[in-house]
Amino acid sequence: MTQCSTRLISKLKDAQSVVVFTGAGISAESGVPTFRGNDGLWTKFKPEELANVDAFIRNPELVWEWYKHRKQIIASIQPNAGHYALARMEQFHKHVTVITQNIDNLHRRAGSTTVHELHGNIEHNYCIDCGKYFDDQEIMNHDRAPRCSACNGLIRPDVVWFGELLPVEEWNESVTAAERAEVFFSIGTSAVVYPAASLPMIARRAGAYIVEINIEPTEFSSRADEVLLGKSGEILPHLLEVCYQSALKHI
Ligand code: OAD
């Protein structure tokens with residue numbers, strides 16, 4: 001198991017403000033497929049046919065079928081030890097902010113209280129014409145692409161598709177949190193999709209200690225202060241059990 005450096009232990013001991021930036025890798029051990037890599041979703045499906053608004057208008061049935069399938073998978077799985085360890089970090093610091101690129105809602109389900117969802121949330125939906133919101137319960141029994149009860153417009157999942165802007169408030173709050181972070185974790189992300197991938201650099205420029213957790217090195221690794229190689233579902237509980245305990249002993 002990866003050892004925590006004495007530097008990381010001392011940073012964690014003093015940190016009031018910790019930011020955790022996550023990607024698909026943190027949910028891999030819950031059974032949610034990642035996007036890149038050998039088994040990644042984008043090696044089997046074309047984002048231009050499934051994850052953009054033009055594709056949805058052109059072929060709503062196909063896009064609905066794909067998202068209904070993903071909604072069913074995500075509804076059937078549970079947060080893993082990595083998500084739970086992050087939620088428990090809140091006991092040790094004044095502010096723990098989770099910024100996630102994931103749409104699976106697993107951080108909140110694990111108990112994290114401050115979560116910014118940069119790419120939306122697959123459990124939420126809205127009408128593309130009038131903006132009315134719909135819960136999954138209201139639309140999941142539709143075989144065909146669901147329509148709005150108020151105006152008959154098409155209902156889409158509240159996720160960010162290619163070519164769309166990130167939700168402004170979530171983004172601004174994420175940048176502020178990154179700028180204030182003393183320790184910044186980048187976990188289970190290939191860190192290649194912008195603007196989200198700029199957050200570790202924003203934190204680094206503002207003076208945060210940057211820790212990457214991933215099963216393999218990424219394009220960002222050389223710029224991190226510390227890289228912990230391994231599964232987040234194993235490293236994060238270890239961090240809680242071993243590194244935080246060492247930090248507490250030194251308080
Ligand atoms: P990727 O699929 O690009 O990267 C997942 C990362 O997780 C890789 O670096 C893996 O090595 C790592 N990984 C896999 N299993 C892991 C584990 N058990 N523990 C730790 N790390 C693990 O996913 P993202 O970086 O999240 O955007 O992708 C970013 C965005 O690209 C997504 O939000 C999505 C996609 O297109 C939109 O849909 C807008």
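The values are calculated or read from the model by the stated rules, or taken from the named source; none is laboratory data. Just so it is clear, the structure is predicted and the values come from calculations on it, not from any experiment. Positions of Cβ are generated from backbone atoms using ideal geometry, with glycine treated the same way; all protein chains shown enter the neighbour counts.
The figures follow:
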| item | result |
| --- | --- |
| Options 57, 26; residue that is within 12 Å of the ligand (Cβ to nearest atom), in contact (Cβ under 8 Å) with a residue 12 or more places away in the chain and not basic (Lys, Arg) | 26 |
| Cross-chain or 6+ apart pairs with Cβ under 7 Å, region 151-173 first and touching a residue at least 60 places away in the same chain (Cβ under 8 Å), then of a type in the set (Ser, Thr, Tyr) | 156/126; 157/67 |
| Criterion: of a type in the set (Phe, Trp, Tyr) and out of contact with any helix residue (DSSP H, G or I) (no Cβ under 8 Å at 6 or more places or on another chain) - qualifying residue of 220, 185 | 185 |
| Wholly enclosed strands (runs of 3 or more DSSP E) of region 112-172 bearing at least 2 residues under 30 Å from residue 21 (Cβ atoms) and among the charged types (D, E, K, R) | 155-159 |
| Criterion (within 15 Å of the ligand (Cβ to nearest atom) and surrounded by 16 or more Cβ atoms within 10 Å (Cβ to Cβ)) met by exactly one of 86, 12, 8 | 86 |
| Hits in region 170-192 (condition: within 10 Å of the ligand (Cβ to nearest atom) and buried (at least 17 other Cβ atoms within 10 Å of the Cβ)) | 186, 187, 188, 189, 190, 191 |
| Per-region count, region 29-39, residues under 18 Å from residue 108 (Cβ atoms) and either near the ligand (Cβ under 6 Å from one of its atoms) or touching a Ser or Thr at 6+ places or on another chain (Cβ under 6 Å) (or both) | 1 |
| Selected residue [without any contact (Cβ under 8 Å) to a residue 40 or more places away in the chain, buried (at least 16 other Cβ atoms within 10 Å of the Cβ), at positive phi and out of contact with any helix residue (DSSP H, G or I) (no Cβ under 7 Å at 6 or more places or on another chain)] from 105, 121 | 105 |
| Selection count, region 18-74, where residues are of a type in the set (S, T, N, Q) and in contact with a Gly (Cβ under 7 Å, 6 or more places away or on another chain) | 3 |
| Among (1) more than 24 Å from residue 9 (Cα to Cα); (2) at pLDDT 90 or above - the single one residue 88 does not satisfy | (1) |
| Filter pass, residue 52 being in contact with a Ser or Thr (Cβ under 8 Å, 6 or more places away or on another chain) and surrounded by 15 or more Cβ atoms within 10 Å (Cβ to Cβ) | no |
| Test result for residue 19, surrounded by 17 or more Cβ atoms within 10 Å (Cβ to Cβ), touching a residue at least 40 places away in the same chain (Cβ under 8 Å), not in a helix (DSSP H, G or I) and not acidic (Asp, Glu) | yes |
| Which listed residue, of 96, 192, is at pLDDT below 95 and of a type outside the set (D, E, K, R) | 192 |
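Conditions (1) more than 10 Å from the ligand (Cβ to nearest atom); (2) at pLDDT below 95, marked per residue:
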{"residue": "144", "(1), (2)": "yes, yes"}
{"residue": "150", "(1), (2)": "yes, no"}
{"residue": "168", "(1), (2)": "yes, no"}
{"residue": "196", "(1), (2)": "no, no"}
{"residue": "210", "(1), (2)": "yes, no"}
{"residue": "223", "(1), (2)": "yes, no"}
{"residue": "233", "(1), (2)": "no, no"}
{"residue": "244", "(1), (2)": "yes, yes"}
